[in-house]
1. Quick one: in the stretch 195-216, which of the residues that are among the hydroxyl-bearing types (S, T, Y) and more than 13 Å from F151 (Cα to Cα) is least open to solvent (accessible area, probe 1.4 Å)?
2. From the set of residues in the stretch 113-128 that are free of Cβ contacts under 8 Å to residues at least 60 places away in the same chain and part of a helix (DSSP H, G or I), which is least open to solvent (accessible area, probe 1.4 Å)?
3. Residues E26, E43: which one is more than 22 Å from D67 (Cβ to Cβ) and either part of a helix (DSSP H, G or I) or among the β-branched types (V, I, T) (or both)?
4. Scan the stretch 92-111 for residues that are closer than 19 Å to G18 by Cα and either more than 16 Å from the ligand (Cβ to nearest atom) or among the hydrophobic types (A, V, I, L, M, F, W, C) (or both) and jot them down.
5. Taking only the stretch 237-260 into account, find how many residues are more than 16 Å from the chain's Cα centre (by Cα), away from the ligand (no atom under 16 Å from the Cβ) and open to solvent by 60 Å² or more (accessible area, probe 1.4 Å).
6. So A110 clears everything in (1) among the aliphatic types (A, V, I, L, M); (2) part of a loop (DSSP other than H, G, I, E, B); (3) open to solvent by 20 Å² or more (accessible area, probe 1.4 Å) except one condition, right? Which one?
7. Quick one: which of S195, S218, S225, S190 is over 27 Å from R84 (Cβ atoms), modelled with pLDDT of 95 or more, under 18 Å from the mean Cα position of the chain (by Cα) and among the small types (G, A, S)?
8. One residue is enough: does the stretch 139-148 have a residue meeting the conditions within 20 Å of Q217 (Cβ to Cβ), at pLDDT 95 or above, within 15 Å of the ligand (Cβ to nearest atom) and open to solvent by 30 Å² or more (accessible area, probe 1.4 Å)?
Amino acid sequence: VPKQPYELYYWSGIPGRGEFVRLALEDAAISYIDHARDKDADEKLMRFMRKPDLDHPPFAPPFLRTDQSLIGQTATILFYLGARYGLAPKDEEGRLWVHQLQLTIADLVAEAHDVHHPISAGLYYKDQKEEALKRAKAFREERIPKFLAYFERVLEEPLEPEEGHKKRSDKGKRRVLPKKNRWLAGQAFSYADLSLFHTLAGLHYAFPTTMAKLAPQSLRVKNLSMRVAARPRIKAYLSSARHLAFNEDGIFRHYAELDG
Ligand SMILES: N[C@@H](CCC(=O)N[C@@H](CS)C(=O)NCC(=O)O)C(=O)O
C-alpha cells in the first residue's frame with residue numbers, strides 16, 4: 001500500500017490511453033489522483049514532463065507517479081499495478097503472458113489511432129483524409145478481423161486443470177471451462193481483460209457498422225466485454241463523473257466515412 005495515493009498524469013478531455021490505467025485503478029479500488037481532471041491539466045502535464053530532475057523521464061503520457069518512482073508506458077504501468085493488486089497471475093509465465101496480451105492490445109490501439117492519423121500525429125485529420133480513407137479500409141477489412149480472431153482464439157483455448165502448473169504430457173486431464181467463466185489468462189481475471197473491454201468499446205464507437213458485421217466472428221470477445229462491464233466497480237465507474245465518453249479528440253474517433 002503506497003503512503004501517498006498514486007498520481008495519474010494524462011491529457012484532459014479524452015479517455016485516451018489513460019483509460020486503461022483508470023480501469024485497473026478503479027477495478028482494484030486503488031486510491032488515485034487523476035491529474036487529467038485538474039485545472040490546466042495539459043500545461044501541468046507538460047511542465048511535469050520537462051522537469052530536469054526526472055530519473056526516468058516518460059516519452060509520452062500516461063504516466064503514474066508512485067511514492068518511489070515515475071512509470072511511463074501504459075503496459076508498464078499495468079504490469080506494475082497488476083502484480084501488486086491481484087490483476088495479474090502471480091507466476092512469471094502468467095505475468096509475462098498478460099504483459100504480452102497487453103502489448104498486443106497496445107498494437108491494436110496504435111493502429112486504431114493511425115487510421116485517422118496515417119501520415120502524422122502532428123497534422124490534422126482533414127489534412128490526411130485521403131490516406132485515412134485507404135488506411136481505414138485496410139483496418140476494417142484486414143486488421144480488425146485479424147486482431148479479433150486472435151483474441152477469439154485465446155479465449156477458446158482449454159484451461160489446464162491447475163493454472164500455473166502445466167503438465168503438457170497430461171493432456172487427458174485438460175478440462176474446458178464453460179466459456180462464460182474464461183478470461184484471457186484463464187481462470188484468473190487480469191488487467192488485459194479490462195483493456196480488451198475498453199478497446200472493444202472504442203472500436204464499437206469508432207466503427208459501429210464494421211463491428212456489427214464482425215459480431216458473429218467475435219462472440220467470445222463480446223461475452224468477455226459484457227462480463228467486464230458488469231463488474232460492480234467498473235459499472236460504478238462507468239456511470240460516474242470520473243469517466244469520460246469517447247469523442248473526436250481521442251484515439252477512437254467516429255468519422256462515418258472511415259467506417260465504410
Ligand atoms: N506506447 C505508449 C504510447 C503513448 C502515447 O502515444 N501517448 C499519446 C497520448 S495517448 C501521446 O501523448 N503521444 C505524444 C507523442 O507521441 O508525441 C503507451 O502505450 O503508453
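1. Checked the stretch 195-216; the qualifying residue least open to solvent (accessible area, probe 1.4 Å) is T210.
2. Only one residue fits best here, namely Q128.
3. E43
4. Selection gives V98, L101, L103, I105, A106, L108, V109, A110.
5. The total comes to 7.
6. Condition (2) is where A110 drops out.
7. Going through S195, S218, S225, S190 in turn, the sole match is S218.
8. no
The values are calculated or read from the model by the stated rules, or taken from the named source; none is laboratory data. In this text, all values refer to a predicted model and were calculated from it rather than measured experimentally. Neighbour counts run over all protein chains shown; Cβ positions are idealised from the backbone, glycine included. Just the protein is used for accessible areas: all its heavy atoms, side chains included, with ligands, DNA and RNA removed. Shrake-Rupley method; radii C 1.70, N 1.55, O 1.52, S 1.80 Å.
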